[in-house]
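Accompanying notes for the structure given below.
Quick note: the coordinates plus some simple rules give every number you see, no bench work behind them. The model shown is predicted, which means the values in this text are computed figures rather than measured ones. Ideal geometry is used to build each Cβ from the backbone, glycine not excepted, and the neighbour counts take in all protein chains shown.
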Amino acid sequence: MIPPILRTKADLRGRVNDWKRAGEEVGVVPTMGALHDGHLSLVAAAKAACDRVIVTIFVNPKQFNNQSDLDNYPRTEEDDARKLERFDVDAVYVPGGDQIYPDGFATSVSVAGLTDVLCGAHRPGHFDGVATVVTKLFTQTRADKAFFGEKDFQQLQVVRRLSADLDLDVEVVGCPTIREMDGLAMSSRNLLLSDRSRTKAAALHEVMQDMAEGLRAGGLANDLAQTARARILAAGFTEVEYLDLRANADLTLLDKPDRPARILAAAWLAGVRLIDNIAV
Ligand code: PAF
């Protein structure tokens with residue numbers, strides 16, 4: 001059955017209040033739509049853990065720092081609803097802009113420290129936009145648990161931080177990255193790649209895996225990253241924004257994986273910005 005699509009916070013509130021009164025646990029999967037198997041794995045995890053599941057679809061203008069990126073972001077609402085049919089979700093919340101940012105909206109949520117590096121350094125204002133909308137979605141859905149992909153690892157850590165700092169009482173659950181057969185991390189942005197660019201895209205993950213092997217063999221991140229960057233560019237990418245080894249907990253830059261750590265990368269291919277990360 002096509003899940004009920006709710007477009008106003010009043011409709012959402014009505015349903016959620018009934019569920020809460022019945023003592024049911026509510027899970028939320030926040031998305032910007034263009035759903036792929038990565039999102040669907042989050043929905044499956046939410047269904048397994050919660051009595052009620054809400055998927056939100058809102059292309060959040062505040063997290064785009066480039067108008068054409070916002071304009072080009074894929075919007076596929078009908079397809080998305082169809083993909084959710086088999087998961088029997090309890091509601092799909094597709095708010096209009098006025099439900100999230102009504103006239104006069106003047107508040108911004110900003111997480112310090114974690115957002116100074118990686119995507120935060122390259123996309124000014126991006127994480128303020130993410131933190132603000134996620135806070136709104138958490139309060140509007142009254143979720144007990146929220147499900148995010150590890151693919152956006154920095155985002156996951158930012159959301160964990162804000163949920164704890166603001167006493168939102170939402171358990172933030174990180175779920176593993178889902179990959180295409182050739183290793184490319186699933187992302188709505190992959191839809192923007194031409195067939196030709198799509199075949200080049202897998203190089204990013206392949207090179208990161210080799211860098212992880214080099215680290216396990218005792219190499220230093222800075223040295224390995226130099227070779228890795230050159231290989232990514234040789235594969236057809238036009239720019240490597242970052243390719244770092246960082247500590248999971250606070251995203252400190254490391255030269256060796258002497259604590260739980262990840263290699264994180266962002267690189268441009270044919271005008272499309274791809275990000276990925278792998279645990280070392
Ligand atoms: O990861 C995303 O799709 C977005 O950043 C999120 C968490 C839905 C906030 O708009």
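Of all the criteria given as (1) surrounded by 15 or more Cβ atoms within 10 Å (Cβ to Cβ); (2) over 14 Å from the mean Cα position of the chain (by Cα); (3) not β-branched (Val, Ile, Thr), the one not satisfied by Ser108 is (1). Taken over region 138-166, residues that are near the ligand (Cβ under 9 Å from one of its atoms), crowded, with 22+ Cβ neighbours inside 10 Å and in a helix (DSSP H, G or I) amount to 2.
Examine region 51-58 for a residue that is more than 28 Å from Ser108 (Cβ to Cβ), buried (at least 16 other Cβ atoms within 10 Å of the Cβ) and in contact with a helix residue (DSSP H, G or I) (Cβ under 6 Å, 6 or more places away or on another chain), and state whether such a residue exists.
Let us first name the residues in region 51-58 that are more than 28 Å from Ser108 (Cβ to Cβ), namely 51-53.
Applying the additional criterion that residues be buried (at least 16 other Cβ atoms within 10 Å of the Cβ) yields 52-53.
Then drop every residue that is not in contact with a helix residue (DSSP H, G or I) (Cβ under 6 Å, 6 or more places away or on another chain), which leaves 52-53.
Yes: region 51-58 contains one or more residues that are more than 28 Å from Ser108 (Cβ to Cβ), buried (at least 16 other Cβ atoms within 10 Å of the Cβ) and in contact with a helix residue (DSSP H, G or I) (Cβ under 6 Å, 6 or more places away or on another chain).
Which members of region 15-43 meet the condition of being over 23 Å from Gly97 (Cα atoms) and in contact with a Cys (Cβ under 9 Å, 6 or more places away or on another chain)? Across region 15-43, the qualifying residues are Glu24, Glu25, Val26, Gly38, Ser41, Leu42. A residue that is away from the ligand (no atom under 16 Å from the Cβ) and surrounded by 14 or more Cβ atoms within 10 Å (Cβ to Cβ) can be found somewhere in region 75-86. Is it true that Ala34 is small (Gly, Ala, Ser), under 24 Å from Ile178 (Cβ atoms) and in contact with a strand residue (DSSP E or B) (Cβ under 6 Å, 6 or more places away or on another chain)? Judged against the criteria, Ala34 is not a match.
Scanning region 17-45 for residues that are part of a helix (DSSP H, G or I) and either within 14 Å of the ligand (Cβ to nearest atom) or of a type outside the set (A, V, I, L, M) (or both) returns Asn17, Asp18, Trp19, Lys20, Arg21, Asp37, Gly38, His39, Leu40, Ser41, Leu42, Val43. Tell me whether region 114-133 contains one or more residues that are in a loop (DSSP other than H, G, I, E, B), in contact (Cβ under 8 Å) with a residue 40 or more places away in the chain, away from the ligand (no atom under 14 Å from the Cβ) and not hydrophobic (A, V, I, L, M, F, W, C). Yes, region 114-133 has at least one match. Scanning region 177-224 for residues that are under 19 Å from the mean Cα position of the chain (by Cα) and not hydrophobic (A, V, I, L, M, F, W, C) turns up Thr177, Arg179, Glu180, Gly183, Ser187, Ser188, Arg189, Asn190, His205.
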